[in-house]
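See structure below.
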Amino acid sequence: MNSKTIFSPKNIESHFSPNAEIVLYHGDVNNLLSTLPDNSMSLIVTSPPYNLGKDYEKRISIEKYLETQTKVIHQLYRVLKDNGSLCWQVGNFVENGEIYPLDIFYYRIFKQLNLQLRNRIIWHFGHGLHTSNRFSGRYETLLWFTKTNQYTFNLDSVRVPSKYPGKRHYKGINKGKPSGNPLGKNPSDVWEIVAQDWETAFWEIPNVKSNHPEKTSHSCQYPIELVERCVLALTNEEDWVFDPYAGVGTSLIAAIKHNRRTIGSEKEAQYIDIAKERLQAYFNGTLRFRPLGKPIHQPTGKEKVAQMPEEWKSDAQDLFSNKG
Ligand SMILES: C[S@@+](CC[C@H](N)C(=O)[O-])C[C@H]1O[C@@H](n2cnc3c(N)ncnc32)[C@H](O)[C@@H]1O
């Protein structure tokens with residue numbers, strides 16, 4: 001394998017061809033799908049529109065929304081390789097203050113196609129909007145399905161440092177030998193990755209110098225790091241990674257960082273432009289991103305923003321002493 005093939009600056013093609021390495025299609029996902037061969041994509045990873053009435057979508061009934069998505073998903077199934085994976089990252093649809101966790105609705109669509117759920121990953125983030133009529137939402141989910149029982153899973157590529165690497169077996173034939181794995185532990189199905197709500201994070205912890213470096217004008221961008229873990233665990237070098245709702249190209253960047261071929265469709269010209277700029281910046285070595293696995297900033301308690309305002313102190317003392 002020549003690992004320079006994709007790491008060196010490459011043409012960004014606007015249409016699929018089997019020899020392309022990066023394809024960014026400007027247009028409707030259905031049009032791109034009609035040009036893709038059966039059984040060709042190793043990983044489909046995306047965050048679809050949530051039907052929330054964001055600037056890139058018209059809000060429709062949840063039934064109509066799911067009907068539209070079902071048609072796309074049937075085509076995604078067709079292009080997914082037999083040993084491939086599909087990762088569907090969603091949050092809540094909200095109507096009249098009621099939440100509809102979208103993964104519950106999507107699950108049935110995937111199961112009708114006989115896809116097999118391997119993990120329902122909780123993407124937990126520490127910041128976001130504070131709600132007043134329900135508990136503030138601090139996670140979204142990522143459903144990882146495979147098409148068959150024979151699928152790529154490179155656990156060693158995504159292990160994380162274990163908390164107690166010095167632990168040893170205390171009985172049995174391995175007594176006294178280290179009980180963990182020298183490459184680290186399985187990252188589990190709860191992923192703590194800094195969220196996309198970067199403005200809020202910035203305002204809450206203004207002295208965190210590294211407020212998220214990836215933020216663009218897209219309102220629903222996800223972090224490169226989130227996709228990288230899927231790319232590393234579920235594909236091999238030069239495999240195709242496809243994001244049908246590519247936004248500003250996050251999945252494509254995660255794929256090329258690890259020497260995979262990549263393709264995305266996006267209907268909004270402004271996001272295509274940003275995605276191209278980000279890809280070029282990656283090749284020029286100027287793209288700012290959070291490195292995979294970088295620990296999340298924890299306030300020490302000494303920062304001004306981590307301290308209770310003087311004028312709240314007596315009220316807070318009363319409240320906490322009543323809770324006993
Ligand atoms: C939740 S955002 C994805 C953002 C992306 N994960 C990122 O990090 O930039 C969904 C994207 O899908 C695009 N989109 C919605 N419907 C589409 C369609 N029918 N074809 C192509 N793109 C579409 C929207 O413009 C939006 O940018």
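The values are calculated or read from the model by the stated rules, or taken from the named source; none is laboratory data. Nothing here was measured: the structure is a model prediction, and the numbers come from that model. Heads up, the Cβs are rebuilt from the backbone with ideal geometry, glycines too, and the neighbour counts pull from every protein chain shown.
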- Item | All positions within segment 231-253 that are touching a Cys at 6+ places or on another chain (Cβ under 8 Å) and farther than 16 Å from Leu32 by Cα | Leu234
- Message: Suppose we filter Lys111, Lys147 for residues that are more than 18 Å from the chain's Cα centre (by Cα) and crowded, with 16+ Cβ neighbours inside 10 Å; which single one remains?
- Response: Lys147
- Quick check: anything in segment 269-276 β-branched (Val, Ile, Thr), crowded, with 23+ Cβ neighbours inside 10 Å and within 10 Å of the ligand (Cβ to nearest atom)? yes
- Does segment 49-62 include one or more residues that are of a type in the set (Val, Ile, Thr), within 13 Å of the ligand (Cβ to nearest atom) and at pLDDT below 90? yes
- Query: Within segment 158-169, can one find any residue that is within 16 Å of the ligand (Cβ to nearest atom) and either modelled with pLDDT under 90 or on the phi > 0 side of the Ramachandran plot (or both)?
  - Reply: no
- Message: I'm trying to understand the selection: among the residues of segment 223-252, which are among the acidic types (Asp, Glu) and within 15 Å of the ligand (Cβ to nearest atom)?
- Response: Glu225, Glu228, Asp243
- Note on the structure: Per the list (1) of a type outside the set (S, T, N, Q); (2) in contact with a helix residue (DSSP H, G or I) (Cβ under 7 Å, 6 or more places away or on another chain); (3) modelled with pLDDT of 95 or more, residue check on Pro101 breaks on (2)
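Of the residues in segment 43-73, how many are among the hydrophobic types (A, V, I, L, M, F, W, C) and over 15 Å from Asn30 (Cβ atoms)?
6
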- Message: Could you go through segment 75-94 and let me know if any residue there is more than 22 Å from the chain's Cα centre (by Cα), more than 18 Å from Val241 (Cα to Cα) and part of a loop (DSSP other than H, G, I, E, B).
- Response: no
- Message: For a quick check of your reading of the model, give me the residue pairs whose first member lies in segment 17-30 and is more than 7 Å from the ligand (Cβ to nearest atom), whose second is part of a strand (DSSP E or B) and modelled with pLDDT under 95, with beta-carbon atoms closer than 9 Å and at least 6 apart or on different chains.
- Response: none
- Tell me which residues, restricted to segment 66-94, are away from the ligand (no atom under 14 Å from the Cβ) and touching a Ser or Thr at 6+ places or on another chain (Cβ under 9 Å). Val79, Leu80, Lys81, Asp82, Asn83, Gly84, Ser85, Leu86
- Task: Just give me the residues in segment 43-59 being within 13 Å of the chain's Cα centre (by Cα) and either in a loop (DSSP other than H, G, I, E, B) or free of Cβ contacts under 8 Å to residues at least 24 places away in the same chain (or both), in sequence order.
- Result: Ser47, Pro48
